[in-house]
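Contents: one structure, followed by commentary.
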Amino acid sequence: MYLIYESKALILESFGAREADKVFTLYTEEFGLIRARAQAVRKMESKLRPHLVDFSLIHVSLVRGKGSWRIVSARREKELPDFSDERGKAFVRATTLILRLVQGERKDQKLFSIICSAYSLLLENTVDPSAFEIGLVLKILHELGYVDPKDPFDGFLSNSEFSFETISHFAPFAHRAVAIVNASLRESQL
């Protein structure tokens, strides 16, 4: 008998495996970055299929087998934002950094909280897409240790909240953050 683990997760990517399976890269609240297989999820009659959509925030039940994870159930936590608008595209670009910068399973509650806050903000249509993307990338890089807090960003970076108010206060300084983000990415050599 296998132990079933429960966690919230963001689906970062997926690809087909075997005839009807799919492998998902998940950033989970409990385990960090993991890859998990869902069996027969590409079949039209699969009950998991509608819940396992790239960049959706889900509640997932997982089983750890010999060296791999398997998804046994999933349900969406929130409705899917519009990923075709500028904020949605910015979210996708920012969270794709996690695939490049996070190695292995490592629980990071603050980073997961930032991602969930940004996801919730996507459902509102009041935030500037440019400031949203730069702010989210800066927070991700800071949480992963690629950016030190610097004025005027120390208050923004130390706060795990990612809301309309924090982005509004950050927006006038966003152009200064671009140089820090670019330097951090360049120095990471990833």
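Okay, which of region 95-122 sit inside 18 Å, backbone N to the point 7 Å along the Cα-Cβ direction of residue 13?
Residues 95-106 qualify, since their backbone N sits under 18 Å from the label point.
Taking only Cα atoms and a 10 Å spring cutoff, compute GNM fluctuations for the chain and point out the largest among 99, 141, 52.
99
Once R0 is set to 41 Å, what does the formula 1/(1 + (r/R0)^6) return for the Cβ-Cβ distance between residue 163 and residue 61, expressed as a FRET efficiency to the nearest 0.05?
0.85
Between 101, 84, 181, whose Cα lies farthest towards the positive end of the dipole of region 74-190 when Lys and Arg beta carbons carry +1 and Asp and Glu beta carbons carry -1, centred on the Cα centre?
Comparing the listed Cα positions along the dipole, 101 ranks first.
Along the charge dipole of region 1-142, pointing to its positive end and built from +1/-1 on Cβ of Lys, Arg, Asp and Glu, which listed residue (115, 59, 71) has its Cα farthest out?
In region 1-142, that residue is 71.
Hey, what angle do you get for helix 129-143 against the long axis of the chain, alpha-carbon based, 0 to 90 degrees rounded to 10?
Tilt of helix 129-143: around 80 degrees.
At a Förster radius of 45 Å, what calculated FRET efficiency corresponds to the Cβ-Cβ distance of residue 89 and residue 4, to the nearest 0.05?
Calculated transfer efficiency: 0.80.
Taking the Cα centre of the chain as the origin, how large is its charge dipole in debye, to the nearest 20, when only Lys and Arg (+1) and Asp and Glu (-1) carry charge on their Cβ atoms?
Roughly 1000 debye for the chain.
Estimate the FRET efficiency between residue 49 and residue 96 by the formula 1/(1 + (r/R0)^6), using the beta-carbon distance for r and 25 Å for R0, to the nearest 0.05.
0.60
Going by the alpha-carbon gyration tensor, a ≥ b ≥ c the square roots of its eigenvalues, is region 86-188 rounded (a/c under 1.5) or, if a/c is not under 1.5, prolate (a/b greater than b/c) versus oblate?
rounded
Expressed as an acute angle from 0 to 90° and rounded to the nearest 10, what is the orientation of the C-alpha long axis of helix 109-122 relative to the principal long axis of the chain?
Once rounded, the angle reads 80 degrees.
Give, rounded to the nearest 20 debye, the magnitude of the charge dipole that region 86-188 has about its Cα centre when Lys and Arg contribute +1 at Cβ and Asp and Glu contribute -1 at Cβ.
Result for region 86-188 is approximately 320 debye, rounded to the nearest 20.
Using 7 Å Cα-to-Cβ label points, what is the residue 30/residue 171 separation (nm, one decimal)?
3.9
If you line up the long axis of helix 174-188 against the longest principal axis of the chain, both from Cα atoms, how many degrees apart are they, to the nearest 10?
The angle comes out at about 60 degrees.
Name the lysines eligible as straight-distance cross-link partners of residue 43: C-alpha to C-alpha under 16 Å, and not fewer than 8 places from it in the same chain.
Reachable lysines: 22.
Taken together, the values in this text are just the output of simple stated rules run on the coordinates, not laboratory data. Quantities reported herein were computed from a predicted structural model and do not represent experimental measurements. Note that we place each Cβ from the backbone using ideal geometry, even for glycine, and neighbour counts take in every protein chain shown.
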